[in-house]
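Novice: The structure is given below, and queries will be raised subsequently.
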Amino acid sequence: FILTGDRQRDLRGALYYVRKNPSATLFDIDGFIAEIAKADEGASRFVQRRLQSGKETEKRLALQAALRSFSDLWPDPFGNFLLQGLLDFGSAEMREELMTAVFAADVVDMTLNIHGCRVIQKALLVLDQASVCKIITELQDIEEVIPFIFDPNGNHVIQRAIQIMSNFAKSAADHGDIDAA
């Protein structure tokens, strides 16, 4: 698509381009990735497909866009899927960079938000034990945990955390590591 210099017109052009061009990549919409991810369900799915099938450089481009727009993406109905996709399909290094942004944000606010809680749940599913423990440490203050029990979003995160930690404990016990279990 052709850039005109008018941001809104260019965004519409980028959306049209990804909808009509089956070979489109994130490189084609550089500068608009976060906005495309937030635009609607179809555009969000395009970005997710590119994260799943794209090469490392394309995922890196998406990560940079996500980090620049992190606070706009996590609470967004479609934008949060860009963050989840990076957790799912990004390298360990990319996950670490993304989690730095998560920890710089308010993990409690994310946990209590309908869309942010999905990002936290995905992180609990895909991260290593040390990273999961770091998330749980952010949530462990008893004054913070009680509201989670009564909040549907927070409750989902707490349930997922218990499930993941139980899996870690079972795996440790199965391998004879009683201290870790």
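The values are calculated or read from the model by the stated rules, or taken from the named source; none is laboratory data. Keep in mind the model is a prediction, meaning the values are calculated, not measured. Backbone-built Cβ (ideal geometry, glycine too); neighbour counts: all protein chains shown. Keep in mind that these areas ignore ligands, DNA and RNA; they rest on the heavy atoms of the full protein, side chains included. Shrake-Rupley method; radii C 1.70, N 1.55, O 1.52, S 1.80 Å.
Novice: I'd like the residue in region 68-86 that is open to solvent by 20 Å² or more (accessible area, probe 1.4 Å) and without any contact (Cβ under 8 Å) to a residue 40 or more places away in the chain and, out of all such residues, is nearest to the chain's Cα centre (by Cα).
Specialist: Gln84
Novice: Keeping to region 126-157, report how many residues are among the hydrophobic types (A, V, I, L, M, F, W, C), open to solvent by 80 Å² or more (accessible area, probe 1.4 Å) and at pLDDT 85 or above.
Specialist: Total satisfying the criteria: 1.
Novice: Arg19 fails exactly one of the following numbered conditions: (1) of a type outside the set (S, T, N, Q); (2) touching a helix residue (DSSP H, G or I) at 6+ places or on another chain (Cβ under 6 Å); (3) in contact (Cβ under 8 Å) with a residue 12 or more places away in the chain. What is the number of that condition?
Specialist: (2)
Novice: Let me ask something else. Scan Pro77, Pro22 and give me the residue that is assigned to a loop (DSSP other than H, G, I, E, B) and closer than 19 Å to Val157 by Cα.
Specialist: Answer to the selection: Pro77.
Novice: With Gly42, Gly13, Gly31 as the choices, which residue is over 25 Å from the mean Cα position of the chain (by Cα) and more than 20 Å from Ser91 (Cβ to Cβ)?
Specialist: So the residue among Gly42, Gly13, Gly31 that is over 25 Å from the mean Cα position of the chain (by Cα) and more than 20 Å from Ser91 (Cβ to Cβ) is Gly13.
Novice: Would a scan of region 35-54 turn up a residue that is in contact with a Ser or Thr (Cβ under 7 Å, 6 or more places away or on another chain), among the charged types (D, E, K, R) and either closer than 15 Å to Gln84 by Cα or open to solvent by 40 Å² or more (accessible area, probe 1.4 Å) (or both)?
Specialist: yes
Novice: Which residue, of Ala65, Ala24, is within 24 Å of Phe103 (Cα to Cα) and surrounded by 16 or more Cβ atoms within 10 Å (Cβ to Cβ)?
Specialist: Unique residue meeting the criteria: Ala65.
Novice: Which condition does Cys117 not pass, out of (1) within 15 Å of Leu73 (Cα to Cα); (2) at pLDDT 90 or above; (3) surrounded by fewer than 17 Cβ atoms within 10 Å (Cβ to Cβ), if it passes all the others?
Specialist: Cys117 satisfies all of (1) within 15 Å of Leu73 (Cα to Cα); (2) at pLDDT 90 or above; (3) surrounded by fewer than 17 Cβ atoms within 10 Å (Cβ to Cβ) except (3).
Novice: Among the helices (runs of 4 or more DSSP H) lying completely within region 87-158, list those that include at least 2 residues that are of a type outside the set (D, E, K, R) and within 11 Å of the chain's Cα centre (by Cα).
Specialist: Correct list: 92-104, 116-126.
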